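Everything on this sheet refers to the single structure shown next.
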Amino acid sequence: IKILSHTSYTPILGDSAKATRDILHVAGKVVNGKILDIFICHFPSRNEGIKKSRPYRIRCAELLRHKTDSLFRIRKDANIVIMGDFNDYPYDISIKETLGARGISDDLSADGLYNMFYERAVRDKNSAGSYKYRGKWGYIDQFIVSGNLLSGSRLYIKNKEAHVFSADFLMEKDNPKYGGTKPFRTYSGYRYLGGISDHLPIYMDLVIKEY
């Protein structure tokens with residue numbers, strides 16, 4: 001990919017003392033000449049409680065939706081990939097309603113946003129995902145893409161699928177209270193554990209046809 005531009009957008013959370021991570025937007029040209037717009041996000045955590053922190057994630061989603069709407073207006077066939085740790089699930093307000101990311105089983109629209117994990121998040125609630133909290137799994141790490149990447153012929157997501165990578169070396173035994181395994185994290189507070197991450201990686205295959 002040839003990078004054409006990169007911009008950081010700062011969400012305003014409504015509290016001058018409250019800050020969060022920027023949203024990174026990178027635009028690039030792939031080998032067949034198509035433009036790919038990538039947004040990388042890390043929405044505010046739930047540490048203050050779901051209800052208190054929810055408005056912060058909604059504000060981030062509002063900013064993100066504003067930027068994607070602008071792209072849909074200026075690019076005839078916008079190819080958008082939004083990725084990151086959203087600290088919300090695909091069916092939560094910030095993702096499903098504010099950002100407007102739907103399941104990919106819906107009718108595809110070139111200017112629509114589709115969550116690659118929505119159906120699984122609903123179907124496998126608390127039993128599968130990229131992150132485990134108090135014994136419950138969930139998909140807080142997600143790919144959200146524009147409809148063009150699900151219906152295109154020269155630039156598209158293979159099989160309209162995204163995946164969670166859960167190799168054994170990424171896991172450790174969970175607390176007996178919860179059972180099973182969980183991602184092997186690097187730190188617990190300031191204590192170094194030596195693991196990779198408390199989140200599992202997600203991935204998808206982007207097919208680029210030169211001709």
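The values are calculated or read from the model by the stated rules, or taken from the named source; none is laboratory data. Every value quoted in this text rests on a predicted model; they were computed, and no experiment measured them. Every residue, glycine among them, receives a Cβ derived from its backbone with ideal geometry; neighbour counts consider all protein chains shown. These accessible areas exclude ligands, DNA and RNA; they are computed on the full protein's heavy atoms, side chains included. Shrake-Rupley method; radii C 1.70, N 1.55, O 1.52, S 1.80 Å.
Tally Lys and Arg at +1 and Asp and Glu at -1 over the other residues with C-beta under 14 Å from the C-beta of residue 179: what net charge comes out?
Values: positive: 132, 134, 136, 173, 177, 182; negative: 172, 174.
Cβ neighbours under 14 Å give a net charge of +4.
Qualifying trypsin sites (Lys or Arg not before Pro) in region 1-105, where qualification requires a DSSP coil assignment and no more than 11 other C-beta atoms within 10 Å, comprise 76. Taking the helices alone, the chain has a mean residue ellipticity at 222 nm of -5000 deg cm²/dmol, built from -39,500 (n - 2.57) per DSSP H run of at least 4 residues and averaged over all its residues. The candidates 140, 196, arranged from most to least accessible area with a 1.4 Å probe in the full protein assembly, appear as 196, 140. Length gained on full extension, residue 187 to residue 52: 46.0 nm, using 0.36 nm per residue less the C-alpha separation.
Mind checking the dipole of region 88-167: about its Cα centre, +1 per Lys or Arg Cβ, -1 per Asp or Glu Cβ, Debye to the nearest 20? Working shown, then result.
On the way: 11 positive and 10 negative charges, 69 e Å.
Here the size comes out at about 340 debye.
All other residues whose Cβ lies under 11 angstrom from that of residue 166 are scored, Lys and Arg at +1 and Asp and Glu at -1, for a net of +1.
Solvent exposure of region 1-160 amounts to 49 Å² per residue of accessible area, where only protein heavy atoms count and the probe is 1.4 Å.
Once Rh for region 31-72 is found with the Kirkwood sum over Cα pairs, what is the Stokes-Einstein diffusion coefficient at 20 °C and 1.002 mPa s, in µm²/s? Intermediate values should be presented prior to the final figure.
Numbers: Rh = 12.2 Å.
For these conditions, the coefficient is 175 µm²/s.
Across 31, 122, the residue with the most accessible area heads the list, and the full order at a 1.4 Å probe is 31, 122. Computing Cα extents along the principal axes in Å for the structure here picks out one of [x] 59, 30, 26; [y] 42, 39, 30; [z] 53, 42, 32, namely [z]. When the solvent-accessible area of region 100-211 is split by element, carbon and sulfur atoms take up 48 percent of it, the probe being 1.4 Å.
Please tell me which of these pairs span more than 24 angstrom C-alpha to C-alpha: 18/125; 96/182; 51/173; 29/158; 18/52; 52/160? Table pairs above 24 Å Cα-Cα are 18/125; 96/182; 51/173; 52/160.
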